[in-house]
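The values are calculated or read from the model by the stated rules, or taken from the named source; none is laboratory data. Bear in mind that the values here come from a model prediction, so they are computed numbers and not experimental data. In this analysis, Cβ positions are derived from the backbone assuming ideal geometry, glycine residues included, and neighbour counts consider all displayed protein chains.
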Amino acid sequence: MRRLGARTGSKIVDQIFVAVLLGAAIVFLAIILGLAASLVKGSLPSLRTFGFAFLWTSSWNPVTSIFGALPLIYGTVISSLIATVLAGVFGIFAAVFLSDFAPAFLARPLSFMIELLAAVPSVVFGLWGLFVLAPAMRNTIDPALQRTLGFLPIFSGPSYGVGLLTAGVILALMIIPTVTAISRDVLTTIPADQREASMSLGATKWETMMKVVVPAARAGIFGAIILALGRALGETIATTMVIGNRPEIAVSLFAPSYTLASVIANEFTEATSDIYLSALIELGLLLLIVSVVVNALARILMWSVFRGARSAR
Amino acid sequence: MQAAGEETTAKVQVDDLSVYYGKVAAVKHASLKVHENCVTALIGPSGCGKTTFIRALNRMHDLTPGARVEGRVVLDGIDIYAPNVNPVLLRHKIGMVFQRPNPFPKSIFDNVAYGPRIHGTRNGASLEALVERSLRRAALWNEVKDRLDRSALDLSGGQQQRLCIARVLAVEPEIILMDEPASALDPIATSKIEDLINDLKREYTVIIVTHSMQQAARMSDYTAFFLLGDLVESGPTRDMFTRPSDKRTEDYITGRFG
Amino acid sequence: MLKRAVFTALALLIAGCSSGSGGTTLTGAGSSFDYPFFSKAFDTYSSQHPDVTVNYQSIGSGGGIQQFIQKTIDFGASDVPMNGDELTRAGQPVIQMPVALGGVVLSYNVNGVPSGLRLDGDAIAGIYLGRIKSWNDPRLKALNPGVNLPNTAIVVVHRSEASGTSYIFTDYLSSVSTEWKTKVGKGKAVSWPASGSVGGKGNEGVAGLIRATPGAIGYVELAYALENNMATAAIKNSSGAWVACSPNTVQAAAASKPNVTNTDFSIVDRPGARSYPISGYSWVMVYTKPADPKRGRMIQNVLQWLDGNQAQQIAASLHYVALPVNVQASAQRALQSMNL
């Protein structure tokens with residue numbers, strides 16, 4: 001009887017545990033919904049005034065109180081995409097190097113330094129970007145791109161040093177630690193027998209990594225990239241300092257641009273009229289929506305590319 | 001069972017092989033002659049050095065930090081540890097099947113095609129023919145021919161292990177190393193693997209690690225007995241099991257320890 | 001070393017608490033332009049009046065006005081006075097007085113012209129409208145005889161965040177160019193028309209872009225330019241005089257208009273042989289009749305002191321421009337009208 005009682009007790013403990021977990025999940029859901037609801041409420045004056053035109057008009061004029069967010073959405077998405085592509089490529093290579101190629105005496109300090117990079121405040125990245133990267137982009141990198149790939153419209157036109165591409169590069173540097181650290185952890189969890197199987201079939205170490213280990217870890221690596229993409233979309237200070245802050249859509253990646261988060265940070269404190277404030281809050285709402293949409297698109301892309309074959313155990 | 005006699009040629013000659021993990025010797029001064037187109041079984045209790053020994057034959061220890069190999073392993077007259085030997089090319093000639101089935105998380109077809117693709121066979125009819133031939137040789141074709149594009153991880157453990165064998169066969173090696181290939185499988189799957197190995201030795205030289213003496217007795221032409229890192233005794237399987245020359249071998253075979 | 005730093009921090013914290021607990025703490029919020037001035041001035045004030053501490057939060061002018069309207073602070077500070085709409089929302093009479101004066105300079109990075117660039121209103125408006133695109137434009141050459149202006153594209157730099165500095169600068173452009181006035185207008189943030197213009201965050205962001213970009217021109221606060229020894233352009237004012245920006249020339253422009261009010265406060269484009277044309281005030285707002293008269297008297301005292309000689313000298317030492325004496329006097333009169 002006593003033993004039976006104890007079992008019942010543990011069942012209650014289990015139920016309490018489940019209830020707590022459920023509660024936590026509901027709290028998170030409530031926070032997100034509450035956030036979205038308050039953003040929608042704050043955006044109402046702007047939504048009423050500009051309607052959907054807010055999404056595809058390009059004027060951002062606080063003096064006349066006419067607001068359109070298209071250039072901001074464009075700048076946000078493109079700068080983050082540049083960052084994600086760059087950070088994806090370099091981050092995965094760095095992770096492969098750290099997990100399987102670097103000798104231990106090198107791997108540990110290198111990992112530490114890359115993770116340290118994640119702790120550098122974004123304003124420091126911004127200052128570095130402004131004083132070091134931007135001149136380098138204008139004097140060296142942009143001209144080189146123009147010479148080699150100048151036939152592409154995205155590498156045409158004058159370079160100011162600050163602009164979409166520079167912002168993308170700075171963002172890439174900021175999110176590489178995330179991609180690298182998580183990817184390395186995922187790569188090290190791929191069992192040694194996968195590597196041995198490949199090597200024993202006569203594959204080189206490089207082939208083993210690229211054809212077996214990285215594909216087996218792709219779900220985790222993809223998760224790391226999504227996480228990094230989220231940070232890039234919302235990054236404010238560093239982007240503001242190097243993107244040029246110009247609400248305009250230009251074909252060239254050298255041209256100045258502007259992001260949703262930057263506009264909010266730049267103008268929120270001084271926005272006194274209701275419609276201005278509301279338009280800025282609507283930008284916040286858009287940032288949330290853009291994040292969700294980009295995430296969803298990325299997942300659909302992932303799903304369609306890797307459909308069929310299963311992921312790592 | 002093929003007659004095990006002195007007339008078969010030595011495919012691999014191991015001389016005075018020692019393997020160290022750091023300072024600990026896992027295999028000490030082992031010498032063994034491996035005959036072509038025969039099955040050689042390595043037996044002995046757990047931790048006796050069988051697996052370490054077999055992994056020395058395709059230089060898998062190269063991948064283990066801190067592992068060190070001394071002595072000579074001569075394959076077709078060439079010392080595989082000589083500085084001019086490329087271990088990647090070596091492993092084309094020596095395939096390996098592991099204790100736990102370890103198919104890649106890819107489709108069945110891609111698993112088998114993995115080795116050929118690395119070695120330069122592009123997609124096409126010849127690759128498809130090679131995959132089919134390998135799967136047939138591994139006695140798996142009939143079970144998977146309708147679902148080659150499905151994930152290998154959907155197969156049962158025994159099927160996965162035969163897939164791993166097919167994957168090795170597709171590279172067309174001369175020697176197949178097997179490290180307790182049936183230890184993780186149920187009896188039916190085990191007997192399928194054993195039948196397969198019996199069948200394979202007509203074309204391949206097979207070296208198999210097993211802790212099952214019955215398995216060694218059933219399948220192998222030659223047996224080598226390891227104990228605590230020493231290769232105690234080796235010879236034709238029939239001789240080993242009927243009149244072992246070393247007391248320790250006799251104790252092990254008659255079940256006094258292990 | 002670390003221990004000592006922690007100890008010092010603790011000591012400061014305790015000192016801060018004790019000075020606060022003994023007397024009254026007045027709170028203000030708003031303009032970040034005023035912050036360096038206020039923090040030093042209020043510190044000095046507290047050392048002279050140990051019973052009063054003034055806590056100023058640099059949250060931006062807009063935020064200062066919002067908090068002031070909601071009456072969560074004793075006074076607000078803004079680079080632009082409250083407008084009619086905001087005064088209506090405040091619901092009570094408000095006194096607004098100038099408290100700090102600053103100039104806006106044009107700095108540039110032109111190869112071969114380390115200093116001595118000359119510009120007039122038409123040229124600056126032309127550049128910022130995107131009509132003048134190259135440094136060797138005839139209009140710029142005419143203003144700079146004997147200067148070898150290169151054939152370099154002009155990169156227009158502006159402040160990316162909403163700021164009082166941008167307000168003063170666009171106020172000036174609206175005064176000198178009707179096209180600017182109708183097309184762009186004045187504001188803390190505007191839609192900058194020149195194609196390829198870029199925004200930098202804060203004075204340091206604009207200065208950084210100018211320094212890093214050959215061909216760049218941008219505007220920064222006088223105090224920032226002085227502290228960083230930046231090259232600045234001399235500007236032709238409405239009297240036709242060439243005036244370089246300095247505390248004296250800004251003060252001269254301000255002194256030419258002693259009676260500024262919250263509706264007529266612009267001091268850009270002032271005439272006079274020594275008047276620098278791009279400058280403006282920062283403002284402090286108090287309610288004419290504060291809810292707590294005792295507190296109100298303290299605020300009155302603080303603000304009287306703030307617009308007095310001693311505090312304005314502190315401002316000058318920090319590269320602000322001291323308020324002209326006649327402006328100080330009219331501010332003092334306004335404060336006297338507080339109903340306590």
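With the requirement that a residue be in contact with a strand residue (DSSP E or B) (Cβ under 6 Å, 6 or more places away or on another chain) and within 12 Å of chain A (Cβ to nearest Cβ), what does region B:172-185 give you?
Answer for region B:172-185, where residues must be in contact with a strand residue (DSSP E or B) (Cβ under 6 Å, 6 or more places away or on another chain) and within 12 Å of chain A (Cβ to nearest Cβ): B:Pro173, B:Ile175, B:Ile176, B:Leu177, B:Met178, B:Asp179.
Mind checking which residues of region C:222-236 are assigned to a loop (DSSP other than H, G, I, E, B) and out of contact with any Phe, Trp or Tyr (no Cβ under 7 Å at 6 or more places or on another chain)?
Of everything in region C:222-236, those that are assigned to a loop (DSSP other than H, G, I, E, B) and out of contact with any Phe, Trp or Tyr (no Cβ under 7 Å at 6 or more places or on another chain) turn out to be C:Asn228, C:Asn229, C:Met230.
Against the condition touching a residue at least 12 places away in the same chain (Cβ under 8 Å), of a type in the set (Val, Ile, Thr), within 14 Å of chain C (Cβ to nearest Cβ) and in contact with a Ser or Thr (Cβ under 9 Å, 6 or more places away or on another chain), how does A:Ile221 come out, does it pass?
no
Looking at C:Lys186 and the list (1) under 15 Å from C:Val321 (Cβ atoms); (2) surrounded by 21 or more Cβ atoms within 10 Å (Cβ to Cβ); (3) of a type in the set (D, E, K, R), which single condition is not satisfied?
Of everything listed in (1) under 15 Å from C:Val321 (Cβ atoms); (2) surrounded by 21 or more Cβ atoms within 10 Å (Cβ to Cβ); (3) of a type in the set (D, E, K, R), C:Lys186 misses just condition (1).
Can you name the condition, by its number, that A:Thr272 falls short on among (1) touching a residue at least 24 places away in the same chain (Cβ under 8 Å); (2) buried (at least 20 other Cβ atoms within 10 Å of the Cβ); (3) within 10 Å of chain C (Cβ to nearest Cβ)?
(1)
Is it true that some residue in region A:188-207 is under 25 Å from A:Leu81 (Cα atoms) and of a type in the set (Lys, Arg)?
no
Among the residues of region C:275-282, are any aromatic (Phe, Trp, Tyr), under 29 Å from C:Lys186 (Cα atoms) and either touching a Leu at 6+ places or on another chain (Cβ under 9 Å) or part of a helix (DSSP H, G or I) (or both)?
Yes; the residues of region C:275-282 include at least one that is aromatic (Phe, Trp, Tyr), under 29 Å from C:Lys186 (Cα atoms) and either touching a Leu at 6+ places or on another chain (Cβ under 9 Å) or part of a helix (DSSP H, G or I) (or both).
Going through region B:91-111 one residue at a time, which ones are hydrophobic (A, V, I, L, M, F, W, C) and either more than 8 Å from chain A (Cβ to nearest Cβ) or buried (at least 24 other Cβ atoms within 10 Å of the Cβ) (or both)?
Answer for region B:91-111, where residues must be hydrophobic (A, V, I, L, M, F, W, C) and either more than 8 Å from chain A (Cβ to nearest Cβ) or buried (at least 24 other Cβ atoms within 10 Å of the Cβ) (or both): B:Ile94, B:Met96, B:Val97, B:Phe104, B:Ile108, B:Phe109.
Considering each of B:Lys201, B:Lys192 in turn, give the residue that is under 13 Å from the mean Cα position of the chain (by Cα), over 18 Å from A:Ser200 (Cβ atoms) and at pLDDT below 90.
Result of the check over B:Lys201, B:Lys192: B:Lys201.
Residues in region B:21-61 that are closer than 16 Å to B:Ile197 by Cβ and within 14 Å of chain A (Cβ to nearest Cβ): how many?
Number of matching residues: 1.
Of (1) away from chain A (no Cβ under 14 Å); (2) exposed (fewer than 15 other Cβ atoms within 10 Å of the Cβ), B:Pro65 satisfies all except one. Which?
Going through the list (1) away from chain A (no Cβ under 14 Å); (2) exposed (fewer than 15 other Cβ atoms within 10 Å of the Cβ), B:Pro65 breaks only (1).
Kindly indicate the residue of region A:170-185 that is over 30 Å from C:Gly218 (Cα atoms) and of a type in the set (Gly, Ala, Ser) and also nearest to the other protein chains (Cβ to nearest Cβ) among those meeting that condition.
Within region A:170-185, the match that is nearest to the other protein chains (Cβ to nearest Cβ) is A:Ser183.
Taking region C:208-218 as the region of interest, how many residues are more than 7 Å from every other protein chain (Cβ to nearest Cβ), part of a helix (DSSP H, G or I) and crowded, with 22+ Cβ neighbours inside 10 Å?
Residues that pass the stated criteria total 1.
For region C:46-63, name all the residues that are more than 9 Å from every other protein chain (Cβ to nearest Cβ) and under 22 Å from the mean Cα position of the chain (by Cα).
Listed by number, the residues that qualify are C:Val54, C:Asn55, C:Tyr56, C:Gln57, C:Ser58.
Assigned to a helix (DSSP H, G or I), under 19 Å from the mean Cα position of the chain (by Cα), under 30 Å from B:Arg147 (Cα atoms) and among the basic types (Lys, Arg): does that describe A:Arg299?
Yes.
When region C:144-166 is examined, which residues are found to be in contact with a helix residue (DSSP H, G or I) (Cβ under 9 Å, 6 or more places away or on another chain) and either within 11 Å of chain A (Cβ to nearest Cβ) or closer than 12 Å to C:Tyr128 by Cβ (or both)?
C:Ile154, C:Val155, C:Val156, C:Val157, C:His158, C:Arg159, C:Ser160, C:Glu161, C:Ala162, C:Ser163, C:Gly164
On the basis of being away from chain B (no Cβ under 14 Å), modelled with pLDDT of 90 or more and surrounded by fewer than 17 Cβ atoms within 10 Å (Cβ to Cβ), does A:Ala136 make the cut?
So A:Ala136 passes the test.
Exactly one condition in (1) closer than 30 Å to A:Met210 by Cα; (2) in contact (Cβ under 8 Å) with a residue 60 or more places away in the chain is false for A:Ala102; which is it?
(2)
Only one of A:Ala192, A:Ala197, A:Ala167 is of a type in the set (A, V, I, L, M), crowded, with 24+ Cβ neighbours inside 10 Å and within 14 Å of chain B (Cβ to nearest Cβ). Can you tell me which?
A:Ala197
Assess whether A:Leu116 counts as being at pLDDT 90 or above and more than 21 Å from A:Ala261 (Cβ to Cβ).
no
Could you list, ordered by first residue, the pairs with Cβ atoms under 8 Å in which the first is in region A:163-179 and closer than 17 Å to A:Ile249 by Cβ and the second is of a type in the set (Phe, Trp, Tyr) and outside any helix (DSSP H, G or I), at least 6 apart or interchain?
Between residues of region A:163-179 that are closer than 17 Å to A:Ile249 by Cβ and residues that are of a type in the set (Phe, Trp, Tyr) and outside any helix (DSSP H, G or I), the close pairs are A:Gly163/A:Phe254; A:Leu164/A:Phe254; A:Leu165/A:Phe254.
Can you pull out the residues in region B:110-153 that are of a type in the set (Lys, Arg) and closer than 18 Å to A:Ser198 by Cβ?
Result: B:Arg117, single match.
Taking the criterion of being surrounded by fewer than 24 Cβ atoms within 10 Å (Cβ to Cβ), of a type outside the set (Phe, Trp, Tyr), over 17 Å from A:Ala94 (Cα atoms) and more than 14 Å from chain C (Cβ to nearest Cβ), would at least one residue in region A:231-251 satisfy it?
Yes, that holds for at least one residue.
Pairs needed: first member in region C:236-264, under 17 Å from C:Leu173 (Cα atoms); second member anywhere, small (Gly, Ala, Ser) and surrounded by fewer than 16 Cβ atoms within 10 Å (Cβ to Cβ); C-beta distance under 7 Å; at least 6 residues apart or different chains.
Between residues of region C:236-264 that are under 17 Å from C:Leu173 (Cα atoms) and residues that are small (Gly, Ala, Ser) and surrounded by fewer than 16 Cβ atoms within 10 Å (Cβ to Cβ), the close pairs are C:Ser239/C:Ala273.
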